[in-house]
Amino acid sequence: MIWLGIESSCDETACAVLQDDPLKVLSNPLYSQIDEHALYGGVVPEIAARAHLQKIAPIAEAAVKEAGIELKDIDAIAFTTGPGLMGPLLVGASFAKGLARDLSIPAYGMNHLEGHLAAAWLSNPDIEPPFLTLTVSGGHTELVLEEPGFKYTSIGRTRDDAAGEAFDKCGKLLGLKYPAGATISRLGQNGNRKFVEFPRALHTHGNCEFSFSGLKTAVLRYTETHDPEFIKANLGDICASLEDAIVDSLVTKTISALKQTRMKTLVVGGGVSANAWLRTRLQDYCSRHGIRFCIPDRSLSTDNGAMIAAAAIRRARQGLLKSIDVVKPWMPLAV
């Protein structure tokens, strides 16, 4: 089968063409709206929806062209139904359903978070549940146990900000442009991670929940009590310390969850999974304790169409797409 995957939950307009059996990504173009939102220091839902409306058809056309196929060759469509911003989601769903009707093929609504985990599956297609998953992105931070049959049990989640959100908000306090995560990582690459002892919240034994609002407050207080010239002169060390605080929280909670669940496979997904320090820390722990570490290629870490199509393929292979929102082939209405 040939699948078209459509992702429009936030600020990336993405489409991808995947082949199933053998599993292969044929194309995966996307349009990033960073420039549209940078002026406002974060994603503006109305602006995001309008950008999706303008870009979704050209990106879908690019995906089909790069894959070397024609529209008539597509057998099914997978699109994101949530979680995400309502306007962008409606744009993607409307486009997917309209195209499915025109082509007389089914379309399946997929969960965005399941897509992030499917991105790791694309890089590790032989993994089978049960395993522990860490989803870490701009809007979500959660540890979930996945068991056979797509049975999910939440082990711990953030009580306030997500990790990616913490990167962006703290970066803004330090005078960095949105999005700040990659910039903080780059500036802090050779910095002193112990330069500032930023807090790690909820670090009691066995606690698998996250909280980053206190870290955000600590960064604010730090900028208020230190001269701007001092901040600028020591920005690399401050960024290294900030990154270490966020990553340390993620790693500590994940280790606790691995011990509690006794899982021997860890699957990580979401935009923050591209962070080099997070990858290094988790890989090191898993290697030392005989745990298989599955994480997407960096090109598949952020929102993309391939992960949504992969989520549908993963369910289809187990015959579990029946509970998903299905658009039946178009039929003429009776007059």
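The range 69-108 and the range 245-263 have their alpha-carbon centroids 36 Å apart. What the Cβ-Cβ distance of Arg292 and Ser154 gives, at R0 = 25 Å and to the nearest 0.05, is a FRET efficiency of 0.70.
These residues, Thr80, Thr223, go from largest to smallest accessible area, 1.4 Å probe, as Thr223, Thr80. Expressed to the nearest 5 percent, the antiparallel share of DSSP beta bridges inside the chain is 60 percent.
Measuring only protein heavy atoms, the 1.4 Å probe finds Thr204 accessible over about 90 Å². By the helix-only formula, in which each DSSP H run with n ≥ 4 contributes -39500 (n - 2.57) and the sum is divided by residues, the chain has a 222 nm mean residue ellipticity of -14000 deg cm²/dmol.
Using only the alpha-carbon atoms, how far is helix 163-173 inclined from the longest principal axis of the chain? Give it as 0 to 90 degrees, nearest 10. Computed tilt is about 50 degrees.
In the complete set of protein chains, residue-level accessible area for Glu128 is approximately 120 Å², probe 1.4 angstrom.
Here the Kirkwood formula puts the hydrodynamic radius of the range 120-261 at 16.1 Å, using every distinct Cα pair. Put a plus charge on the Cβ of each Lys and Arg, a minus charge on the Cβ of each Asp and Glu, and nothing anywhere else: the dipole of the chain about its Cα centre is then about 680 debye. Across the accessible surface of the range 71-213, with the other protein chains kept in place and a 1.4 Å probe, carbon and sulfur atoms take up 51 percent. Between rounded, prolate and oblate, where does the range 88-167 land on the alpha carbon gyration tensor, with a ≥ b ≥ c its root eigenvalues, rounded for a/c under 1.5, else prolate if a/b exceeds b/c? It comes out oblate by the Cα gyration axes.
Could you tell me which of rounded, prolate or oblate describes the range 70-122, using a ≥ b ≥ c as the square roots of the eigenvalues of the alpha-carbon gyration tensor, with rounded for a/c under 1.5 and, failing that, prolate when a/b is larger than b/c and oblate otherwise? Note, shape of the range 70-122 comes out oblate. Here, the chain is characterised by an Rg to Rh ratio of 1.00, where Rg is the alpha-carbon radius of gyration and Rh the Kirkwood radius. Averaging the Cα positions of each part gives two centres, and for the range 43-61 and the range 267-286 these lie 30 Å apart. Taking every alpha-carbon pair under 8 Å whose residues sit at least 6 apart, the chain reaches a relative contact order of 24 percent.
Given an 8 Å cut-off on Cα distances and at least 6 residues of separation, report the relative contact order of the range 265-317 as a percent. Relative CO of the range 265-317 lands at 45 percent. If you line up the long axis of helix 112-123 against the longest principal axis of the chain, both from Cα atoms, how many degrees apart are they, to the nearest 10? Between helix and principal axis, roughly 90 degrees. The accessible area of Phe95, taken with all protein chains in place and a 1.4 Å probe, comes to roughly 50 Å².
The values are calculated or read from the model by the stated rules, or taken from the named source; none is laboratory data. The shown structure was predicted, so the numbers you read here are calculated from the model rather than taken from an experiment. Cβ: placed from backbone, ideal geometry, glycine included. Neighbour counts: every protein chain shown. Calculation scope for accessible area: heavy atoms of the full protein, side chains included, ligands and nucleic acids excluded. Shrake-Rupley method; radii C 1.70, N 1.55, O 1.52, S 1.80 Å.
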